[in-house]
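Participant: This is the structure I have questions about; it appears just below.
The values are calculated or read from the model by the stated rules, or taken from the named source; none is laboratory data. Remember, it's a predicted structure, so these values are computed and weren't measured experimentally. FYI the Cβ positions are ideal-geometry reconstructions off the backbone, even for glycines, and counts take in every protein chain you see.
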Amino acid sequence: MELLAVIVGLQTIKSPRQQVTVYSDSKYVVDSVEKKWVFGWVKTSFKGKKNSDLWMRFLNIYKQHDVKFVWIKGHNSHPENERCDQLAVAESRKGNTLPPDVGFEAERNKPSFL
C-alpha cells in the first residue's frame, strides 16, 4: 500500500519536473529507490519481484519529477507520519473506495501448481 500511496501522490502533481520529497516509514519503498534496487530490477524485467506492475507505474511517474525519498521512523510521534496514519485509518473505515490493485488480484488468483 505504501508504494501505491507514493504513486497516487505523485500523480496528483500537475506540473512536470517538480522537486518532491517523499517522507515514508516504509524502508522497502525508500531503500528500493534511494539504494537504486528498483533500477536493477528493471534490467532483470523484475524477475522474481512482487509488485512489478506497481513499480513500473511508479517509475513512469517518478521520471516526470525530481523525487527524493527520506525514511522516517513510523509510530514515533512524527507529525506528518501521524497525520498520514490518521488519514489511512479514516479511509479504511469508509469501505472499499479504492480501485482494485489489478496486479495484486491477478497474482492472488493465479492458480498454484504444487
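Participant: Here are some residues: 95, 103. Which one is under 16 Å from residue 1 (Cα atoms) and in contact (Cβ under 8 Å) with a residue 40 or more places away in the chain? Steps first, answer last, please.
Facilitator: Values: 95 fails: in contact (Cβ under 8 Å) with a residue 40 or more places away in the chain.
Only one candidate passes the filter, namely 103.
Participant: Would you please list the contacts, defined by Cβ atoms under 8 Å and residues six or more apart or on different chains, that run from a residue in region 39-64 that is in a loop (DSSP other than H, G, I, E, B) to a residue that is exposed (fewer than 12 other Cβ atoms within 10 Å of the Cβ)?
Facilitator: So the pair list comes out as 64/16; 64/17.
Participant: From the set of residues in region 65-83 that are free of Cβ contacts under 8 Å to residues at least 12 places away in the same chain and part of a helix (DSSP H, G or I), which is farthest from residue 1 (Cα to Cα)?
Facilitator: Per the criteria, the residue is 79.
Participant: Answer yes if at least one residue in region 64-81 is surrounded by 13 or more Cβ atoms within 10 Å (Cβ to Cβ), modelled with pLDDT under 95, touching a strand residue (DSSP E or B) at 6+ places or on another chain (Cβ under 8 Å) and of a type in the set (Val, Ile, Thr), and no otherwise.
Facilitator: Yes, the conditions are met somewhere in region 64-81.
Participant: Listed residues 24, 92; which is surrounded by 10 or more Cβ atoms within 10 Å (Cβ to Cβ), modelled with pLDDT under 85 and among the polar types (S, T, N, Q)? Outline the logic, then answer.
Facilitator: Values: 24 fails: modelled with pLDDT under 85.
Being surrounded by 10 or more Cβ atoms within 10 Å (Cβ to Cβ), modelled with pLDDT under 85 and among the polar types (S, T, N, Q) holds for just one of 24, 92, which is 92.
Participant: Hey, another quick one. Does region 24-38 hold any residues that are of a type in the set (Asp, Glu) and in a loop (DSSP other than H, G, I, E, B), and which are they? Show your work before the answer.
Facilitator: The initial filter retains those residues of region 24-38 that are of a type in the set (Asp, Glu), namely 25, 31, 34.
Across region 24-38, the qualifying residue is only 25.
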